[in-house]
1. Being at negative phi and either in contact with a helix residue (DSSP H, G or I) (Cβ under 7 Å, 6 or more places away or on another chain) or not assigned by TED's automatic domain parsing to the domain that holds residue 171 (or both) is the filter here, so list the residues in the stretch 211-233 that pass it.
2. Just to check your reading of the model, which residue among 20, 60 is without any contact (Cβ under 8 Å) to a residue 60 or more places away in the chain, surrounded by 15 or more Cβ atoms within 10 Å (Cβ to Cβ), in a helix (DSSP H, G or I) and not assigned by TED's automatic domain parsing to the domain that holds residue 149?
3. Restricting the first residue to the stretch 251-264 and requiring it to be without any contact (Cβ under 8 Å) to a residue 24 or more places away in the chain, which pairs with a second residue that is part of a helix (DSSP H, G or I) meet a Cβ separation below 9 Å and a spacing of at least six or different chains?
4. Run residue 184 past the list (1) modelled with pLDDT of 95 or more; (2) farther than 24 Å from residue 77 by Cα; (3) outside any helix (DSSP H, G or I) and report the number of the one that doesn't hold.
5. Residues that are surrounded by 12 or more Cβ atoms within 10 Å (Cβ to Cβ), in a helix (DSSP H, G or I) and assigned by TED's automatic domain parsing to the domain that holds residue 147: does the stretch 87-102 have at least one?
6. Which of (1) surrounded by 11 or more Cβ atoms within 10 Å (Cβ to Cβ); (2) within 30 Å of residue 9 (Cβ to Cβ); (3) in the same structural domain as residue 226 (by TED's automatic domain parsing) is the odd one out, the single condition residue 147 does not satisfy?
7. Look at residue 202 and say whether it is in contact with a strand residue (DSSP E or B) (Cβ under 9 Å, 6 or more places away or on another chain), at pLDDT below 95 and closer than 19 Å to residue 124 by Cα.
8. Would it be correct to say that residue 236 is in contact with a strand residue (DSSP E or B) (Cβ under 9 Å, 6 or more places away or on another chain), assigned by TED's automatic domain parsing to the domain that holds residue 132, assigned to a helix (DSSP H, G or I) and within 20 Å of residue 249 (Cα to Cα)?
């Protein structure tokens, strides 16, 4: 693992991520409850005999943890990491603005073209050119559907980043919807008239690459977005942490939680089995 540029800050980030994960997962509480549930008969007797308590418990625990985890974890961690490097970060940010009829027509025409080829740079430029033509006609700055941003970051230099965090395997309809959303966000923010276009960055983010822990190559339904629209795995964590925290660091934190929990789980199950024999 590459040595962090700022070891003290890096350790702060590791501990912050670990505590946030533990607070969401509530490992101790779940371990005790699920172990007791199995002892009380809340499992399939035949599978229990087939696989044993350890496997049945692990299966129940993973299901419970996945339910508790959700997508909000990634939003909260993005906020935690960003704030540690001095960014202003808001989760579920309500973006307001105005989409002029000319820009709505541009979006509809662009995305409904069967020959559509995503080109982030050209699309941003076209939106900017149309905006310059109609900026005197911009109406009230309101919230619209799909204007809630998962993670909004404002850097000290005035750069604003708008991130939509999604699952690791969206379908093509979801990608098309997200592409439309981030273009709308760009238009909405530009409509305020108090920021230059190069300071606005809108992204779709995937917390990890489901095909590789080390490679950010991602081509799923890539006819529906420009690769520059997408933050995959390490790209997301490096961006929100100003290059201070990586996907590898995130994996390391969860590995540590797993190792600590495994020893606790094994002790608890052993104790439970001993009590059952005694009773």
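The values are calculated or read from the model by the stated rules, or taken from the named source; none is laboratory data. The structure displayed is predicted, hence computed values, not measured ones. With ideal geometry, Cβ positions are generated from the backbone for all residues, glycine too; neighbour counts draw on all protein chains shown.
1. From the stretch 211-233, those at negative phi are 211-220, 222-232; that's our starting set.
Within the stretch 211-233, 213, 216, 224, 225, 226, 228, 229, 231 qualify.
2. Result of the check over 20, 60: 60.
3. Taking only residues 6 or more apart or on different chains, the pairs are 260/27.
4. Here residue 184 clears every test but (3).
5. The initial filter retains those residues of the stretch 87-102 that are surrounded by 12 or more Cβ atoms within 10 Å (Cβ to Cβ), namely 87-91, 93, 95-100, 102.
Pick out the ones that are also in a helix (DSSP H, G or I) and you get 102.
This time we only want the ones that are assigned by TED's automatic domain parsing to the domain that holds residue 147, so: 102.
The answer is yes, given that some residue of the stretch 87-102 is surrounded by 12 or more Cβ atoms within 10 Å (Cβ to Cβ), in a helix (DSSP H, G or I) and assigned by TED's automatic domain parsing to the domain that holds residue 147.
6. Going through the list (1) surrounded by 11 or more Cβ atoms within 10 Å (Cβ to Cβ); (2) within 30 Å of residue 9 (Cβ to Cβ); (3) in the same structural domain as residue 226 (by TED's automatic domain parsing), residue 147 breaks only (2).
7. Values: in contact with a strand residue (DSSP E or B) (Cβ under 9 Å, 6 or more places away or on another chain): yes; at pLDDT below 95: no; closer than 19 Å to residue 124 by Cα: yes.
So residue 202 fails the test.
8. On the way: in contact with a strand residue (DSSP E or B) (Cβ under 9 Å, 6 or more places away or on another chain): yes; assigned by TED's automatic domain parsing to the domain that holds residue 132: yes; assigned to a helix (DSSP H, G or I): yes; within 20 Å of residue 249 (Cα to Cα): yes.
Taking the combined requirement at face value, the residue satisfies it.
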